[in-house]
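The values are calculated or read from the model by the stated rules, or taken from the named source; none is laboratory data. Because the structure is predicted, anything quoted here is derived from the model rather than measured. When we count neighbours, we look across all protein chains shown, and the Cβ atoms used for this are built from the backbone with ideal geometry, even at glycine.
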Amino acid sequence: MNYNFGEIEKKHQENWKRNQIYKVEIDNTKPKFYVLDMFPYPSGAGLHVGHPLGYIASDIYSRYKRLQGYNVLHPMGFDAFGLPAEQYAVQTGQHPAITTEINIKRYKEQLSKIGFSYDWSREVRTSDPNYFKWTQWTFLKMFHHWFNTDTQKAEPIETLIKEFEKNGNTKINATCSITPHFEAAVWNGMDEAEKDVILMNYRLAYRAKTTVNWCPALGTVLANDEVKDGVSERGGYPVIQKDMMQWQLRITAYAKRLLTGLDNLEWTDSLKEMQRNWIGRSEGAEVYFDIKDTDEKILVFTTRPDTIFGATFMVLAPESKLVDKLTNIENSEEVDQYVTYAKNRTERERQADAQNITGVFTGSYAINPFTKKEIPIWTADYVLGGYGTGAIMAVPAHDSRDYAFAKHFNIEIIPVVEGGDIEKESYDAKTGKMINSDFLNGLDVKDAVKKMLKEVETRNLGKRKVNYRLRDAIFSRQRYWGEPFPIYYKDDRAVPLKEEELPLTLPDTDDYKPTETGKPPLGRVENWLYDGKYKYELSTMPGFAGSSAYYLRYMDPHNNKALVSKEADAYWQDVDLYIGGTEHAVGHLIYSRFWNKFLYDIGIVIKDEPYKKLVNQGMIQGRSNFVYRIKNTNKFVSFNFRNNYEFTEIHVDVNMVNNDILDIETFKKWRPEFADAEFIFEEDGKYHCGYAVEKMSKSKYNVVNPDNIIEQYGADTLRLYEMFLGPLEQSKPWDTNGIEGVFRFLNKFWRLFFDNEGNINLSEEKANKEEQKVIHTLIKKVGEDIERFSFNTTVAAYMVCAGDLSKLKCNKLEVLENFLIVLSPFAPHIAEELWQLSGHKTSIADAEFPKYNSVFLTEDTVKYPVAFNGKTRFTIEIEKDMQKSEIEKIILNDLRTKQRLEGKTVKKIIIVQGRMVNIVI
RNA sequence: GCGGAUGUGGCGUAAUUUGGUAGCCGCGCUAGACUUAGGAUCUAGUGCCGAAAGGCGUGGGGGUUCGAGUCCCUUCAUCCGCACCA
């Protein structure tokens, strides 16, 4: 019987499905293990060979854990809301729900062929009303909660109202938008609408006017993590800054916890570092600067309070509300022009133009609180409206940006720390002795900072402050294909739906474009009203809404009374292993942690952090092939001769190239213009292509579809080969040529079970010492390698073992059974087939991972490498227990040693027992 | 500029625990066997130089050590992330 992978794989995939082999339930007799993949957005293009890499790795780990006796939760679902489906709908008029359904079907087909151990009964889709009901529900919970900065915890809005009734907002320490102080009497005198406005400043989900990343081409607002290099991450369209009324999530309230929570996670350092940078904690002080001739003050944030004596001017961000107030009549035209100019610049222009120094003097002066000198107030776009207070005290001597600005506009530069040469450049380092700074003179920077902080507070000029770069998350998207907000408007007041009224589903429409007046697509829908009267919120939620708590829903996916039951949450708790791409390092992974912390605060989940261990799989790159057309001809020159000509490099489809040799006939048929192409071949008469490692993409003709690989070699070969390619975390190119190696291995493995006539042929005989050694070496290696996610070396170990066993002509059941079990996480189909052919009635998934016995691994003799001055020259086999002195004798008496030592004296002999020998001459 | 990672045969890579035989495994290549045929299968060889003896060899330079891919210093290259963050 031959290894008929097609038949075997189909059969077992059907069996597993029919017998619900991978369905899991809460089982208190077993320890739980939760393995999660980042669920995919089902795009129209389907899967290419790079997508399943992480899924295969997590599947191996899941199967391994199950063999070890864990109750493994390993679910899959779809991040089904999203922009591409909507853009496709705009073009074709097809409802996104329909195209999404089609794409999901295709994805599931492709995934099912790879033989994953998913419990599909737990599938979730973010676009399913039964799912997004709980997304909306959590949003409402956030709406009804505020963040108590003292307790670092979300609390119900009712506690806040009680406090306002009693004390106003003077005593409470809450994370909120800027709100003036008021006493209880003022609060109690407000009407409902006024109270609403105040409460909005405190809610964790709130609506406010803010400067947003507006992408005109997409017709929507984007979050910071959706903007890369000043253009939209999806599509690469320009993004500008715009003031808009938007729903937001007060994620900044959790900045501290999001930062400290990282410490105990088993994530890579680089990923944690990315999150730390994104949160961007910095310690310093907020200091007020008086302004000459008015009562206004400018509040600045600085990490270098020690340098205040060197502050010779101030800069306001162009967006700052103070700009208007502080601009003199004679400067107003120039300032207005500048502010308009700055506002209309795209993020990209601003970033690209960073060296180009611009700014305008407002005409006003601030008073340096320590030198009492008047210093000019400028506005310039190197100061960002969104960070700190949107205003800075500029210390040109010790900040390179301020320095460049001062030089450009000829502003005074006063050094206050010794060390640099301010004629040439600013001295930014935080070391040195203070000068020109009155009571700070002579102190080290560190001490000066401390002293100044104290001084600022005693003089009542400001206070210590920890500042975060993290912004509140903008939660509105002006799109159709997302979760509707459970909000309607009554006299312009946002009113939340009641929990019982959820889910609020999307109304139908046949036009998915924004309206002519710039309203979101939902604005087109007539009669979409609450209670027949009130308008709903027209924007929808962003992509990260649905993906923030999906891992929780898998624990209890069909529960229609709760996001997750207490019982399910208590059992499954958190994700033990999360595998996904690094592209979600700051987006999804930070929103999801925030979302989870909020649910923790309100008692829905028992774990403060959702993802205990996280592994980022590397990208599978494409391996492109090229042909070289000689300029102005239809003649193609082979790779090694190309430099004799002027040529154009042209991508060719990798599917018509084998080991870099071009299939001429297929190439000629590929495109009409190549039909009568001519070629300059190499000596071997073949056309050799060039190659390059690039991103896998259609336009580069280097996309490889897993379906084709499975068709040709089977899923087990695909799984093994993806792992064999290299370390999981590393990016590496896909090269189909190498796949033959693992395919040969599986065939060789198969033959271990059969005789020459193709009949199953297994021996009941007990294994001998050598056979035991071979299989136990494998058992040990596989366990250790899987634990440390070194799947590439595991595959190598399988190959070595199969080679050894076939040399030993070992067909003993005792040995091969163990091999089957340890191979089954990687190649479940062939393992299941041979498991059953060897007489088992139950699935190999229910087997037990064998334990290795170290007795079989120890040897009686050791092959000692004998080195001369550190260079190994020969090896010699010596009994393991032999004493050093005897080893020395044997080595020195060896002929090869004598040859080497001729005429030389031995200075020293180093013998490490059981390891090696080094002779120094 | 800051932060992180990575540099080993023609290619993908291995060398875990503790510094102890560098190149496991696979692709490719070479030769052979079988075959009507080979883009099938099997066997052997394959880091580089050299006929061999031997020498050299983990991006470069330096150091520690009996011994360094592994530790230290320095330098270069590539990739990723962040980037007027006060």
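Report yes if some residue within region A:395-405 is touching a Lys or Arg at 6+ places or on another chain (Cβ under 8 Å), within 16 Å of RNA strand B (Cβ to nearest atom), under 16 Å from A:I291 (Cα atoms) and among the hydrophobic types (A, V, I, L, M, F, W, C); otherwise report no. So far as region A:395-405 goes, no, none of its residues is touching a Lys or Arg at 6+ places or on another chain (Cβ under 8 Å), within 16 Å of RNA strand B (Cβ to nearest atom), under 16 Å from A:I291 (Cα atoms) and among the hydrophobic types (A, V, I, L, M, F, W, C).
Can you tell me which residue within region A:661-676, out of those that are in contact (Cβ under 8 Å) with a residue 24 or more places away in the chain and closer than 10 Å to A:Y687 by Cβ, is nearest to RNA strand B (Cβ to nearest atom)? Here the residue is A:I661. Please verify whether A:E101 is surrounded by 21 or more Cβ atoms within 10 Å (Cβ to Cβ) and more than 25 Å from A:Y61 (Cβ to Cβ), treating the condition exactly as stated. So A:E101 does not fit the description; no.
Of all the residues in region A:734-756, those that are surrounded by 19 or more Cβ atoms within 10 Å (Cβ to Cβ) and either acidic (D, E) or near RNA strand B (Cβ under 8 Å from one of its atoms) (or both) number 4. For a quick check of your reading of the model, give me the residue pairs whose first member lies in region A:257-274 and is free of Cβ contacts under 8 Å to residues at least 60 places away in the same chain, whose second is away from RNA strand B (no atom under 13 Å from the Cβ), with beta-carbon atoms closer than 9 Å and at least 6 apart or on different chains. Taking only residues 6 or more apart or on different chains, the pairs are A:L262/A:R593; A:L262/A:E609; A:K272/A:L262; A:K272/A:D263; A:K272/A:L265. Kindly check whether there is at least one residue in region A:865-875 that is surrounded by fewer than 17 Cβ atoms within 10 Å (Cβ to Cβ), away from RNA strand B (no atom under 14 Å from the Cβ) and more than 49 Å from the chain's Cα centre (by Cα). The answer is no; no qualifying residue exists.
Residues of region A:687-705 that are part of a helix (DSSP H, G or I) and buried (at least 22 other Cβ atoms within 10 Å of the Cβ): none at all.
Here A:A391 fulfils each of the conditions (1) under 18 Å from A:T294 (Cβ atoms); (2) away from RNA strand B (no atom under 15 Å from the Cβ) apart from (2).
For region A:677-688, a residue qualifies if it is more than 14 Å from RNA strand B (Cβ to nearest atom) and either among the charged types (D, E, K, R) or at positive phi (or both), and exactly one does: A:E678. The criterion of at least 3 residues that are closer than 30 Å to A:E163 by Cβ and without any contact (Cβ under 8 Å) to a residue 40 or more places away in the chain is met by none of the strands (runs of 3 or more DSSP E) falling completely within region A:199-251.
Residues that are crowded, with 21+ Cβ neighbours inside 10 Å, among the charged types (D, E, K, R) and over 30 Å from A:S547 (Cα atoms) within region A:442-478 are absent altogether.
I'd like to check something: does region A:661-671 contain any residue that is surrounded by 18 or more Cβ atoms within 10 Å (Cβ to Cβ) and farther than 26 Å from A:A57 by Cβ? Yes, because at least one residue in region A:661-671 is surrounded by 18 or more Cβ atoms within 10 Å (Cβ to Cβ) and farther than 26 Å from A:A57 by Cβ. Only residues that are among the aromatic types (F, W, Y) and either more than 15 Å from A:W134 (Cβ to Cβ) or touching a His at 6+ places or on another chain (Cβ under 7 Å) (or both) were counted in region A:524-557, giving 5. Out of A:V323, A:V335, A:V300, which single residue is closer than 23 Å to A:Y403 by Cα and within 10 Å of RNA strand B (Cβ to nearest atom)? Sole residue among the options that is closer than 23 Å to A:Y403 by Cα and within 10 Å of RNA strand B (Cβ to nearest atom): A:V300. Taking the listed residues A:Y530, A:Y554, A:Y578, the one that is among the aromatic types (F, W, Y) and over 15 Å from A:K607 (Cβ atoms) is A:Y530, with no other qualifying.
When region A:613-648 is filtered for residues that are at negative phi, outside any strand (DSSP E or B) and polar (S, T, N, Q), the ones remaining, listed by number, are A:Q617, A:T633, A:N634, A:S638, A:N640, A:N643, A:N644. Scanning region A:490-521 for residues that are without any contact (Cβ under 8 Å) to a residue 24 or more places away in the chain and outside any loop (DSSP other than H, G, I, E, B) returns A:E500, A:E501. Filter region A:779-817 for residues that are assigned to a loop (DSSP other than H, G, I, E, B) and within 9 Å of RNA strand B (Cβ to nearest atom); which is surrounded by the fewest Cβ atoms within 10 Å (Cβ to Cβ)? The qualifying residue surrounded by the fewest Cβ atoms within 10 Å (Cβ to Cβ) is A:R788.
If the condition is being within 13 Å of RNA strand B (Cβ to nearest atom) and either surrounded by 15 or more Cβ atoms within 10 Å (Cβ to Cβ) or part of a helix (DSSP H, G or I) (or both), then region A:649-660 contributes A:V654, A:N655, A:M656, A:V657, A:D660. A:D881 passes every criterion in (1) within 14 Å of RNA strand B (Cβ to nearest atom); (2) modelled with pLDDT under 80 apart from (1). Only residues that are away from RNA strand B (no atom under 13 Å from the Cβ) and either among the basic types (K, R) or touching a Ser or Thr at 6+ places or on another chain (Cβ under 6 Å) (or both) were counted in region A:689-703, giving 3. Could you please let me know if A:D608 is surrounded by fewer than 20 Cβ atoms within 10 Å (Cβ to Cβ) and more than 13 Å from RNA strand B (Cβ to nearest atom)? It is true that A:D608 is surrounded by fewer than 20 Cβ atoms within 10 Å (Cβ to Cβ) and more than 13 Å from RNA strand B (Cβ to nearest atom).
Just to be sure, is A:L506 of a type in the set (A, V, I, L, M), assigned by TED's automatic domain parsing to the domain that holds A:E192 and in contact with a Gly (Cβ under 9 Å, 6 or more places away or on another chain)?
yes
Counting only helices (runs of 4 or more DSSP H) wholly contained in region A:85-179, the ones carrying 1 or more residues that are in contact (Cβ under 8 Å) with a residue 60 or more places away in the chain and not charged (D, E, K, R) occupy A:96-114, A:129-143.
Taking residues in region A:416-437 that are assigned by TED's automatic domain parsing to the domain that holds A:F405, and partners anywhere that are outside any loop (DSSP other than H, G, I, E, B) and among the hydroxyl-bearing types (S, T, Y), the pairs with Cβ atoms closer than 6 Å and at least 6 places apart or on different chains are A:V416/A:T307; A:S426/A:S400; A:S426/A:Y403; A:D428/A:S400.
Among the residues of region A:58-107, those that are of a type in the set (A, V, I, L, M, F, W, C) and closer than 14 Å to A:T509 by Cα comprise A:A89, A:V90, A:A97, A:I98.
Counting only residues that are closer than 18 Å to A:L67 by Cα, part of a loop (DSSP other than H, G, I, E, B) and touching a strand residue (DSSP E or B) at 6+ places or on another chain (Cβ under 6 Å), region A:7-39 holds 3 of them.
Kindly check whether there is at least one residue in region A:768-778 that is within 12 Å of RNA strand B (Cβ to nearest atom) and within 30 Å of A:L53 (Cβ to Cβ).
Yes, region A:768-778 contains a residue that is within 12 Å of RNA strand B (Cβ to nearest atom) and within 30 Å of A:L53 (Cβ to Cβ).
Inspect region A:716-728 for any residue being away from RNA strand B (no atom under 11 Å from the Cβ), assigned to a loop (DSSP other than H, G, I, E, B) and closer than 16 Å to A:F5 by Cβ and give the result as yes or no. For region A:716-728, residues away from RNA strand B (no atom under 11 Å from the Cβ), assigned to a loop (DSSP other than H, G, I, E, B) and closer than 16 Å to A:F5 by Cβ: absent.
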